[in-house]
Amino acid sequence: MNLSASFQLLRSCTRASSSRALARPTLASLPSRRYYSDDKASESKPADKEPAKDEKALCEEKLQAKESEVADLKSRLQYLQADFINLQRNAAKEKDQQRDYAITKFAADLLETVDVLAIAIKSVPASALSGVAETPPPAGTKSHASHLKDLHTGVEMTHRMLLQTMAKYHVKPFDPTGEPFDPNLHEALYQAPVPGKTPGTVIDTQKIGYMIKDRVLRAAQVGVAQDTS
């Protein structure tokens, strides 16, 4: 081999090596990659889960707070509803009482008139109403007994109608003669020993009592049997 041929062979080898060197990638040309060890990966996982855990606990606390608030509001609503129902009942009861007892004072004032009519009726003996006169009246006229009888009948009818009218408004009389004495219903005027009568029993009623529904309009004025021992 001559010198020129050797030179050409050396030149071609140099070009081939240069082309291979250019084709080989360098470290700078390679993309950068980050490598983590297993320890670092295991440490990063709990850090990622902790925020989710805290958020869940916070949501549960908020839910419990709302549930407590709802329970409190429900309890208050139930109390308010019960108070409103009681208020309605009390208002209706007061309205009924005002209607039922509105005539209490008026009825109490009428009792004296009723008593006077009752006394007038009792003051006329039955013999005076028999119609038998001591001297016969003139022809075409009525006897005094007839006039008295008519007057007695009129007074008796007035007394009865007045009691009926008062009964329409729940005002009713009661006569406690023979009943045990009750200080809530009776007013004792006197006591007297009466043989055969149980002590504390009403033996006489001077004035009958009156009730307006379940209330005492006037207590009965009575005499009570006394203990004889």
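One line per residue, one yes/no per condition, for (1) at pLDDT 90 or above; (2) open to solvent by less than 70 Å² (accessible area, probe 1.4 Å); (3) out of contact with any Leu (no Cβ under 7 Å at 6 or more places or on another chain):
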residue: LEU73; (1), (2), (3): yes, no, yes
residue: GLN81; (1), (2), (3): yes, no, yes
residue: GLN98; (1), (2), (3): no, no, yes
residue: ALA108; (1), (2), (3): yes, yes, no
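Scan LEU22, LEU58, LEU30 and give me the residue that is aliphatic (A, V, I, L, M) and at pLDDT 65 or above.
Of the residues listed, the single one that is aliphatic (A, V, I, L, M) and at pLDDT 65 or above is LEU58.
Let me confirm something: among TYR210, TYR190, which residue is among the aromatic types (Phe, Trp, Tyr), outside the structural domain of GLU112 (by the TED database) and open to solvent by less than 50 Å² (accessible area, probe 1.4 Å)?
TYR210
Residues checked against (1) open to solvent by 90 Å² or more (accessible area, probe 1.4 Å); (2) at pLDDT below 90; (3) in the same structural domain as LEU189 (by the TED database):
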{"site": "GLU112", "(1), (2), (3)": "yes, no, no"}
{"site": "SER123", "(1), (2), (3)": "no, yes, no"}
{"site": "PRO136", "(1), (2), (3)": "yes, yes, no"}
{"site": "LYS149", "(1), (2), (3)": "yes, yes, no"}
{"site": "HIS152", "(1), (2), (3)": "no, yes, no"}
{"site": "LEU162", "(1), (2), (3)": "no, no, no"}
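Taking strands (runs of 3 or more DSSP E) that fall entirely within the range 168-229, which contain at least 1 residues that are over 20 Å from GLN97 (Cα atoms) and basic (Lys, Arg)?
202-207
The values are calculated or read from the model by the stated rules, or taken from the named source; none is laboratory data. Computed from a predicted structure; not experimentally measured. Positions of Cβ are generated from backbone atoms using ideal geometry, with glycine treated the same way; all protein chains shown enter the neighbour counts. Keep in mind that these areas ignore ligands, DNA and RNA; they rest on the heavy atoms of the full protein, side chains included. Shrake-Rupley method; radii C 1.70, N 1.55, O 1.52, S 1.80 Å.
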